[in-house]
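This report refers to the structure that appears directly beneath it.
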Amino acid sequence: MNVEYTGRHYEVTSANRKEVEAGLSKIRKILRDRFESKVILAVEKHRHKAEITIASAMGPLVGVAQAGDMKAAIGEALDHLEKQALKHKTRIITKKRRNHGKWNGDDKPEPVAVGSVPASSTVPPVSMVVHKFPAFAKSTEVHLVRSDEAVAMRPMTLEEAIKEAHFRDRDVFVFRDPKGKLMILHRTRDGKMELIEAP
């Protein structure tokens with residue numbers, strides 16, 4: 001890792017170098033890439049400024065900070081750089097996930113109608129049977145099991161009840177709010193929690 005230091009009205013010490021290089025090694029682990037960096041440490045009117053620039057394969061990252069002492073300024077600048085590096089990394093990961101499984105060729109594949117066979121194929125067509133569900137469900141014998149896991153014994157807030165329902169892995173959870181009102185949480189098929197207030 002090449003680091004170029006510049007001091008403006010400030011002499012760069014070995015402690016400053018160690019701090020910068022420790023922070024840059026953390027950022028290097030995040031980016032998983034070699035990069036060159038420039039560090040400018042300056043003092044203007046009793047304010048310590050640190051500007052750290054990284055030239056990586058993803059593009060330039062810049063961390064600028066100003067504080068009462070140089071150690072704090074370097075720390076803030078490195079924090080800014082770390083946040084930027086994490087942002088870049090998550091952006092790349094989400095981009096890869098979005099593109100995963102998509103067609104990347106220049107020419108689009110020809111659409112094939114259902115039930116038809118492409119002309120280039122010599123495979124004979126196969127008949128398929130599609131299952132048809134009855135219009136109404138057959139009634140089955142009801143099987144009841146008594147459970148007290150879906151009922152809270154003490155009053156709780158809505159947030160506590162949601163956490164408790166998730167923890168107990170219940171689709172229906174009955175509880176009383178701090179005012180004593182009976183509430184029912186119900187997890188719908190799409191995974192959302194629905195709140196029902198009993199009269």
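Some notes on this structure:
Each row is one residue, and each column tells you yes or no for (1) touching an Asp or Glu at 6+ places or on another chain (Cβ under 7 Å); (2) basic (Lys, Arg); (3) at pLDDT below 80; (4) part of a loop (DSSP other than H, G, I, E, B).
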site	(1), (2), (3), (4)
Lys96	no, yes, yes, no
Ala135	no, no, yes, yes
Ser139	no, no, yes, yes
Val145	no, no, yes, yes
Glu159	no, no, no, no
Phe175	no, no, no, no
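- For the residues Gly68, Gly59, Gly75, Gly63, the requirement of being surrounded by fewer than 18 Cβ atoms within 10 Å (Cβ to Cβ) and under 12 Å from Gly23 (Cβ atoms) singles out Gly75.
- Flag for Glu19 being under 23 Å from Leu86 (Cβ atoms), open to solvent by 40 Å² or more (accessible area, probe 1.4 Å) and over 28 Å from the mean Cα position of the chain (by Cα): yes
- Within region 56-68, residues that are farther than 14 Å from Lys87 by Cα have Cβ atoms under 8 Å from residues that are of a type in the set (Lys, Arg) in these pairs: Val64/Lys49; Ala65/Lys49; Gln66/Arg47; Gln66/Lys49; Ala67/Arg47; Gly68/Arg47, counting only partners at least 6 apart in sequence or on another chain.
- Output for region 153-163, where each listed residue is over 14 Å from Leu195 (Cβ atoms) and surrounded by 14 or more Cβ atoms within 10 Å (Cβ to Cβ): Pro155
- The set of residues in region 168-187 being more than 20 Å from Glu149 (Cβ to Cβ) and either crowded, with 17+ Cβ neighbours inside 10 Å or not small (Gly, Ala, Ser) (or both) consists of Pro178, Lys179, Lys181.
The values are calculated or read from the model by the stated rules, or taken from the named source; none is laboratory data. What you see is a predicted model; the values in this text were computed from it and never measured. For neighbour counting, all protein chains shown are included, and Cβ atoms are generated from backbone atoms with ideal geometry for every residue, glycine included. Please note that ligands, DNA and RNA were not included when accessible areas were found on the heavy atoms of the full protein model with its side chains. Shrake-Rupley method; radii C 1.70, N 1.55, O 1.52, S 1.80 Å.
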